[in-house]
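Presented below is the structure to which this report refers.
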Amino acid sequence: MSGALLQVEDLNVWFELEGRPELHAVQGIDFDLSQGERLGLVGESGCGKTTAILAVMGLLPPTASVAGRVRLDGDDIFEDGEDSIRPHRWRDIAMVFQGAMNAFNPVRRIVDQIVEPMELHEIAEGKAARRQAGDLLELVGISAQQATRYPHEFSGGMRQRAAIAMALACNPRVLLADEPTTALDVMIQAQVLELLGRLTEELGLALVLVTHDLPVVAQTCDRAAVMYAGKIVESGTTDDLYHSPRHPYTRLLFSATPDLYGEGDVISIPGTPPRLDREVTGCSFAPRCDVAFGPCSSVTPESLSVAPGHQARCHLNDPTMRRAS
Amino acid sequence: MSARSPLLEVENLTTHYPIPRGIVGAISGRPKQVAHAVDGVSFSLARGEMLALVGESGCGKTTTAQTVMRLVDPVAGTIRFCGDDITHLRHRDLRPLRRRMQLIYQDPYDALDPRFRVRQAVEEPLLVHHLGSRTERTERVERALERAGLAPADLFLDRYPHELSGGQRQRVAIATALVLEPELLVADEPVSMLDVSVRAEILTLLDELRRSGLGILMITHDLSTAARFADRIAVMYLGRIVEQGAAQDVVRDPRHPYTRALITVVPKRDPRDRTTPQILKGEAPNPVKVPSGCRFHPRCPEVASGRARDRGLEERCRGDDPLLREISRDHLAACHLA
């Protein structure tokens, strides 16, 4: 663990809602990431995956309260709140926001928008910054000559690559990418995933790929964490998650995803996720689970190690629970 | 109309969109330009069949569907519905037809009026078409909801869209189409806005409707969904169908280089099944300037690798527009090399 570049420990996020009970959006998640590693953070809408990485960036609105530790090279950058996060934001940990390709300022040239964070964070300025911005665009597969174009002159795929270049402006070591390929066509998606893969290999960038798309994670990431109702319910290598899932949600999520050559039925998961503004007793997935048994509705499952590097939060993995029921 | 003719037959359908040139352009006599959104598309759809139109954004799949439903006027080609030529029907005469062909939209969050209860939303099409008495309408609304999998209907009748989950909303949207008892359903990306865990139930519902005899034209960018749920797949590129055949044939034995490339970039569920994606450079060209010859040749891996030249076909690829022709039984491709 000590070799990890980024360690997230017991991260919790609550949202204050006016006149309503608070909403516990992220409920004690842990993950770690080494240099050059690609981790998938997978889950459906509302599971807390975006909230979790926004919390790591320290970018949640004031209505959110955050608890937990985020260690970078072993140092807790959450220790003094915003004061200790600020020096690392963008310089060490950067993020590509969901829909970033549509968030460029339409009346400013692409190059100026990449130079801005460099100057703001005193990485480079003037001509040198513009040269670096050109290099970054080349890195993501856009010719430096196109740097002076406006966002509308770029196609969607190019804008997404430019958004990635912009996140890389301050030479971060960790990149958090929120649904970076979701609105893109498969061919453009493949181009962007190839780019992200190349960045981790060539620059040693550590990547957290946040997405609802399991096949994208299966093809891109070494490891993945599956989130449900604010918790990581299973984490391990993508190979383990597909071939020997130890949480029913992971298994069902894979079977809900059609495969190109897939035989057999594609099944949906009945029901909906629980509300996060109420205390859930027992396992939050139990009402939708096809193998729930005795303790599932009353005892909250802990995360258990089921194999080296493979954890799951399910009573089925706990022999004492199985015996007791 | 004859029972034997296919539900839908489309021949050489062509739809152009004018590109606005602005006042300055018009005065200075800049030539009028058009986008060749749909450029000679032919296919047919039988009752009880699901055909998936697959392609990337801008390939013309949605325009094809809109033209078929006569929401957009074609510049050439014919559309036959149950054997009747409807290509040039006037709008007044189209009205009775509209009932028989219904559209399901992509976004169930947008398709339903937030101020309408489920009952009102599903009844609305009946009112528009002046169908049934009050009690008949209520019966039809309930039947449509139950057919769309919202049973018992009275649990849902008085709810508002915000009280429903995403999957339930899409079911209500489908019920608003079913209430008119159509013969053809056009589903434009029916699950792309839904969570993974509920997509299968909506696709299964469409599959059941197909079994009950409806013809379904599904528009999707997702080849995996098409492969699993459609009977046949038509792959579109830049306004043309470049390959068409039984879904499994197209996916397992693709004959057009574009389809082959598309298949390599579809992410597979199994991490061990990592194939090297054949990534095409750039994006599809602008439909205003369709490349000469085969419209795919500037991005075609066969041309770029020299394989087309080795087979002495490169000149044809560059200069000769390939027709969609039968390569094997019921499997068509528009490629000189196929």
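Which residue, chosen from B:Leu131, A:Leu260, A:Thr181, occupies the Cα position most advanced towards the positive end of the dipole of the protein assembly as shown, where the dipole is computed from +1 (Lys, Arg) and -1 (Asp, Glu) charges on Cβ about the Cα centre? My answer, from the dipole projection, is B:Leu131.
Note on A:176-187: average number of Cβ atoms from other chains within 10 Å of each residue's Cβ is 4. Rounded to the nearest 0.05, the FRET efficiency derived from the C-beta distance between B:Asp320 and B:Asp113 at R0 = 41 Å is 0.20.
With a Förster radius of 45 Å applied to the C-beta separation of A:Thr320 and A:Glu201, the computed FRET efficiency comes to 0.55. Near A:Ala94: Cβ cut-off under 12 Å, other residues only, Lys/Arg at +1 and Asp/Glu at -1. The net charge is +1.
The dipole here belongs to the protein assembly as shown: it is taken about the Cα centre, uses +1 on the Cβ of Lys and Arg and -1 on the Cβ of Asp and Glu, and is about 2100 debye. Name the shape class, rounded, prolate or oblate, that the alpha-carbon gyration tensor gives for the range A:168-325, where a ≥ b ≥ c are the square roots of its eigenvalues, rounded holds for a/c under 1.5, and otherwise prolate holds if a/b is larger than b/c and oblate otherwise. Cα axes put the range A:168-325 in the prolate bin.
Specify the longest stretch of chain B that does not include any exposed loop site, a site being one of the trypsin sites (Lys or Arg not before Pro) with a non-H, G, I, E, B DSSP assignment and at most 14 other Cβ atoms within 10 Å. Don't jump to the answer; show the numbers that get you there.
On the way: sites that count: B:Arg4, B:Lys32, B:Arg90, B:Arg100, B:Arg115, B:Arg272, B:Arg274, B:Lys281, B:Lys289, B:Arg311, B:Arg329.
So the longest stretch without any such site is B:116-271.
Please report the spacing between the Cα centers of the range A:136-211 and the range A:30-108 in Å, no decimals. First find each Cα centre; the distance between them is then 17 Å.
Please work out whether the range B:85-140 counts as rounded, prolate or oblate from its C-alpha gyration tensor, where a ≥ b ≥ c are the square roots of the eigenvalues and a/c under 1.5 means rounded, while otherwise a/b larger than b/c means prolate and anything else oblate? Oblate, because a/c is 1.5 or more while a/b does not exceed b/c.
Where Lys and Arg each count +1 and Asp and Glu each count -1, what net charge lies around B:Ser328 among other residues with Cβ under 9 Å from its Cβ? If you can, show how the numbers build up before the last one.
On the way: positive: B:Arg255, B:Arg329; negative: B:Asp249, B:Asp253, B:Glu326, B:Asp330.
With Lys, Arg at +1 and Asp, Glu at -1, the neighbours total -2.
Summary of the geometry: the range B:131-145 and the range A:241-278, compared by the centres of their Cα atoms, lie 36 Å apart.
Using only alpha carbon pairs under 8 Å that are at least six residues apart, calculate the relative contact order of the range B:67-169 and give it in whole percent. Each step should come with its number before you reach the end.
Values: 67 pairs, mean separation 25.8, N = 103.
That works out to 25 percent.
Here chain B is treated with +1 on each Lys and Arg Cβ and -1 on each Asp and Glu Cβ, and its dipole about the Cα centre works out to around 640 debye.
Sequentially through the range B:77-82, phi angles give Karplus couplings (6.51, -1.76, 1.60; θ = phi - 60°) of x, 10, 10, 10, 10, 6 Hz, Gly and Pro residues having no value and appearing as x. So if we plug the beta-carbon distance of B:Asp330 and A:Leu304 into 1/(1 + (r/R0)^6) with R0 = 51 Å, what FRET efficiency do we get, rounded to 0.05? My answer for the efficiency is 0.45.
Across chain B, the mean sequence separation of Cα contacts (distance under 8 Å, 6 or more residues apart), normalised by length, yields a relative contact order of 20 percent.
From the helices alone, meaning DSSP H stretches of at least four residues, give me the mean residue ellipticity at 222 nm for chain B, per-run term -39500 (n - 2.57), in deg cm²/dmol to the nearest 500. Using -39500 (n - 2.57) per qualifying helix, the result is -9500 deg cm²/dmol. Ordering B:Gln170, A:Trp90, A:Gly3 by the projection of their Cα atoms onto the charge dipole of the protein assembly as shown, which places +1 on the Cβ of Lys and Arg and -1 on the Cβ of Asp and Glu, puts B:Gln170 at the extreme positive end.
Note: relative contact order over chain A, using C-alpha pairs below 8 Å and six or more positions apart, is 19 percent. Note on A:Lys127: aspartates and glutamates with a C-alpha under 15 Å away, same-chain residues under 8 apart excluded, are A:Asp112, A:Glu116, A:Glu119, A:Asp135.
What does the charge count near A:Ser297 come to, summing +1 for each Lys or Arg and -1 for each Asp or Glu among other residues with Cβ under 14 Å from its Cβ? Summing Lys/Arg as +1 and Asp/Glu as -1 gives 0. In order along the range B:327-333, the Karplus-derived 3J(HN,Hα) couplings, from 6.51 cos²θ - 1.76 cosθ + 1.60 at θ = phi - 60°, round to 9, 9, 4, 6, 10, 10, 8 Hz, and Gly and Pro are given as x. Between B:Glu124 and A:Asp10, the simple spin-label model (points 7 angstrom out along Cα→Cβ) gives 5.1 nm.
If the limit is 31 Å between Cα atoms, which of A:Lys49/B:Lys268; A:Lys231/B:Lys268; A:Lys231/B:Lys281; A:Lys49/B:Lys289 go over it? Mind showing how you got there, number by number?
Details: A:Lys49/B:Lys268 22 Å; A:Lys231/B:Lys268 26 Å; A:Lys231/B:Lys281 39 Å; A:Lys49/B:Lys289 42 Å.
Flagged as over cut-off: A:Lys231/B:Lys281; A:Lys49/B:Lys289.
What does the C-alpha gyration tensor say about the overall shape of the protein assembly as shown? Classify as rounded when a/c is under 1.5, otherwise prolate if a/b is larger than b/c, or oblate. Because a/c hits 1.5 or more and a/b fails to exceed b/c, the protein assembly as shown counts as oblate. Once you reduce the range B:20-54 and the range B:83-119 to the center of their Cα atoms, the two points are 21 Å from each other. For chain A, the mean residue ellipticity at 222 nm estimated from helices alone is -8500 deg cm²/dmol, where every DSSP H run of n ≥ 4 contributes -39500 (n - 2.57) and the total is divided by all residues, rounded to the nearest 500. For B:Leu103, the amide hydrogen comes within under 5 Å of the amide hydrogens of B:Val186, counting only partners 5 or more places away or on other chains and with H modelled in the peptide plane. The loop-placed GluC sites (Glu not before Pro) in the range A:1-110, going by DSSP, that have at most 15 neighbouring Cβ atoms within 10 Å of their Cβ come out as A:Glu18, A:Glu79.
Need one number: % antiparallel among DSSP beta bridges in the range A:174-325, to the nearest 5.
Antiparallel bridges make up about 70 percent of those DSSP assigns within the range A:174-325.
Based on DSSP, what percent of beta bridges with both residues in the range B:112-247 are antiparallel, to the nearest 5? Beta bridges within the range B:112-247, antiparallel portion: roughly 55 percent. In sequence order, the range A:258-265 has phi-based couplings of x, 10, 3, 9, x, 9, x, 7 Hz under the Karplus curve 6.51 cos²θ - 1.76 cosθ + 1.60, θ = phi - 60°, and Gly or Pro positions carry x. Taking the DSSP bridge list for chain B and keeping only pairs wholly inside it, about 60 percent are antiparallel.
Where a number appears in this text, it was derived from the coordinates with a stated rule and is not lab data. Predicted model only: the values in this text are computed from it and were never measured. Backbone-built Cβ (ideal geometry, glycine too); neighbour counts: all protein chains shown.
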